[in-house]
1. Efficiency by 1/(1 + (r/R0)^6): what FRET value for B:ILE104 and B:LEU307, r their Cβ-Cβ distance, R0 = 30 Å, to the nearest 0.05?
2. Please turn the phi angles of segment A:125-137 into ³J(HN,Hα) values with the Karplus equation 6.51 cos²θ - 1.76 cosθ + 1.60 (θ = phi - 60°), one per residue in order, whole Hz, x for glycine and proline.
3. Once a ≥ b ≥ c are taken as the square roots of the eigenvalues of the Cα gyration tensor of the protein assembly as shown, is the result rounded (a/c under 1.5), prolate (a/b larger than b/c) or oblate (a/b not larger than b/c)?
4. A:LEU60 label points, 7 Å along Cα→Cβ, one per copy: pairwise distances from this copy to the rest in nm, shortest first?
5. Run the numbers for A:GLN45 and A:ASN296: contour at 0.36 nm per residue of separation, minus the present Cα-Cα distance, in nm.
6. Considering only B:TYR207, B:GLY270, B:LEU222, whose Cα is most displaced toward the positive end of the charge dipole of chain B, charges sitting on Cβ of Lys, Arg (+1) and Asp, Glu (-1)?
7. Tell me, what ³J(HN,Hα) does each residue in segment A:299-314 have, in order and in whole Hz, if you take phi through Karplus 6.51 cos²θ - 1.76 cosθ + 1.60 with θ = phi - 60° and put x for Gly and Pro?
8. Which entries in B:LYS59/B:LYS299; A:LYS327/B:LYS304; A:LYS197/A:LYS306 show an alpha-carbon gap greater than 30 Å?
Protein chains: 2
Amino acid sequence: MKKVAIGIDIGGTNTAIGVVNREGDVLVDQCIPTPKHGNIDLYIQDLTLSIRELMKSVKLLNEKSEVIGIGIGAPNANYYTGTIEHAPNLSFKGIVHFVDLLKIQFPDMKVMAITNDANAAAIGEMIYGGARGMRNFVVFTLGTGVGSGIVVNGDLVYGHDGFAGECGHMMLIPDGRVCGCGGVGHLEAYCSAPGMKRTAFELLAKYHATDSLLASRCYNELDSKFIYEAALKGDKVAQEVFALTGKWLGQGLADTVHHLSPEAIFLFGGPLAAGDYILNPTKESMEQHLLPVFKNKIKILPSKLKLGDAAIVGASALAFNEFEKMK
Amino acid sequence: MKKVAIGIDIGGTNTAIGVVNREGDVLVDQCIPTPKHGNIDLYIQDLTLSIRELMKSVKLLNEKSEVIGIGIGAPNANYYTGTIEHAPNLSFKGIVHFVDLLKIQFPDMKVMAITNDANAAAIGEMIYGGARGMRNFVVFTLGTGVGSGIVVNGDLVYGHDGFAGECGHMMLIPDGRVCGCGGVGHLEAYCSAPGMKRTAFELLAKYHATDSLLASRCYNELDSKFIYEAALKGDKVAQEVFALTGKWLGQGLADTVHHLSPEAIFLFGGPLAAGDYILNPTKESMEQHLLPVFKNKIKILPSKLKLGDAAIVGASALAFNEFEKMK
């Protein structure tokens with residue numbers, strides 16, 4: 001019997017649901033809006049309908065598949081308690097006992113677990129991606145924010161309360177940029193996609209770079225993709241954005257290595273499309289900041305998960321991982 | 001049969017050896033010089049003699065005691081390989097297969113393990129100290145340097161190569177003070193005992209503080225104890241040294257929390273004699289730097305290990321921990 005898992009990715013706007021096999025292929029998927037009405041019971045009903053539909057269509061594809069469980073990735077999710085707690089971008093307020101509510105709909109499901117999207121990405125990397133066989137590694141997700149998932153001795157690190165792995169909020173530059181969390185000088189304020197835009201505008205101002213390709217876009221229209229394209233065309237400001245982002249990211253990754261000495265650090269997200277433009281300065285800066293005992297030992301690798309379906313795939317990996325731990 | 005363990009602490013000058021019971025009491029102990037001759041075989045012979053003598057005297061004290069193992073704390077020690085690697089303060093050069101060499105002398109010893117002193121302190125805290133019952137915590141040792149030992153899910157974190165837990169070398173202030181490791185701006189350069197002295201001299205210079213009690217001591221004669229005594233007498237510069245040390249340490253601890261979300265962080269070492277003078281500003285600063293989800297949750301506690309025999313006791317805890325994992 002072919003084993004499959006349901007992966008659910010709850011975003012601020014949409015909820016993506018997919019059925020994923022043990023190789024990490026999405027067999028079928030669906031998308032429903034994440035509601036703005038704040039009524040969790042209605043949302044659980046919609047979600048249940050979607051899941052049942054997908055389970056049916058998988059049965060049509062392959063009669064002999066067995067759904068081993070449901071994994072969920074959501075902002076502010078707590079693996080220990082199965083809750084989503086005070087998520088600022090969701091309409092459900094306070095503490096939502098998400099896993100308990102969904103279990104009522106699927107009482108026979110052996111495995112049901114929730115975690116945040118960066119942790120799900122780390123488990124996805126371990127189950128399907130470049131971290132297969134690794135027991136100590138870290139994943140950094142570079143997007144609107146910077147998330148991270150830490151694996152030590154083959155297990156995800158949740159900390160004492162379920163919220164470990166907030167490496168995006170490590171201090172990079174005291175009294176530096178204001179971070180989305182309200183703090184100051186955090187890695188996220190420099191190395192997220194918006195962080196790169198902030199760097200671009202600082203550099204435009206610094207050089208009064210009227211001839212830069214970036215000077216033709218207003219603040220609300222510039223994104224990391226445009227910066228990358230400008231860098232490819234030889235734009236000096238755009239190239240310096242990547243050099244600086246890598247310098248800062250490498251400094252932060254060195255702190256993570258000094259804590260955990262992982263075998264590898266995986267980078268995931270939109271800015272990674274720039275490949276060596278971001279990887280090379282990151283590696284160089286990390287090496288420069290490492291204690292001698294760690295030098296030339298820790299790999300920095302692009303994630304092997306596909307950007308498009310990584311969230312569903314990561315969530316499904318959580319289910320496979322829980323299922324395999326039960327054995 | 002009462003179980004006891006041998007704890008060995010290898011320092012640059014002396015090697016302390018003790019027999020410790022499961023409650024963490026040192027029953028008998030001895031000290032031999034750590035040789036300067038670089039001949040590891042001679043040193044192993046001396047150490048073996050000492051261990052045998054101590055085992056005999058324990059037998060005299062309590063006929064029914066059983067030695068369950070030997071734990072060793074040493075600089076640059078690697079738990080995975082049982083080696084001491086390129087320790088700058090020891091005369092043994094290169095990679096010394098310490099555990100293998102000692103095992104030849106004690107072939108029947110069920111447990112023999114080595115780690116660095118900060119990791120040993122963390123295991124000591126877990127087995128005998130304030131971390132009993134905790135599964136996620138971190139120990140920072142403030143001394144000539146700043147070391148750390150990390151426990152996740154009840155296990156010490158060694159990382160992929162055995163060298164995890166070098167939190168003393170996280171970046172605190174980019175382009176800041178030169179660290180003992182050759183790096184720049186590391187926590188250790190600010191929050192170790194010599195770091196406090198450096199702060200004192202910076203403040204003397206900043207304020208031209210000719211009336212400070214600290215102004216009467218030359219650089220090579222000032223230590224953290226003198227600074228503490230001056231602070232108690234109301235010396236403003238000395239008090240600011242503690243305030244700044246706590247501010248910096250709290251900033252660093254927040255980064256550790258953002259990685260690991262431990263239940264508690266234990267502080268160990270000479271500067272902790274100052275009690276609330278160091279604890280209060282550290283707590284305040286850490287709270288200020290934490291993400292909201294971690295605020296008012298993470299305890300900062302002074303270590304419950306006694307400063308004098310903590311190194312032996314920590315090393316013996318490593319032996320008890322390995323022994324108990326075998327069950």
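Just so it is clear, none of the values below were taken in a lab; they were calculated from the coordinates. Just so it is clear, the model here is predicted, and its values are computed rather than measured. Here the Cβ is made from the backbone with ideal geometry for all residues, glycine too, and neighbour counts use every protein chain on show.
1. Working: r = 34 Å, r/R0 = 1.13.
After rounding, the FRET efficiency stands at 0.35.
2. These are the phi-based 3J(HN,Hα) values: 4, 6, 7, 10, x, x, 9, 4, x, 8, 10, 9, 7 Hz.
3. Numbers: a/c = 2.01, a/b = 1.37, b/c = 1.47.
It comes out oblate by the Cα gyration axes.
4. 8.7
5. On the way: separation 251, 0.36 × 251 = 90.36 nm, distance 5.16 nm.
Extra length available between A:GLN45 and A:ASN296 comes to 85.2 nm.
6. Farthest towards the positive pole: B:GLY270.
7. For segment A:299-314, the Karplus-derived couplings read 7, 10, 10, x, 4, 8, 7, 6, 3, x, 10, 4, 5, 4, 4, x Hz, x marking Gly and Pro.
8. Working: B:LYS59/B:LYS299 41 Å; A:LYS327/B:LYS304 39 Å; A:LYS197/A:LYS306 24 Å.
Checking Cα-Cα distances, B:LYS59/B:LYS299; A:LYS327/B:LYS304 exceed 30 Å.
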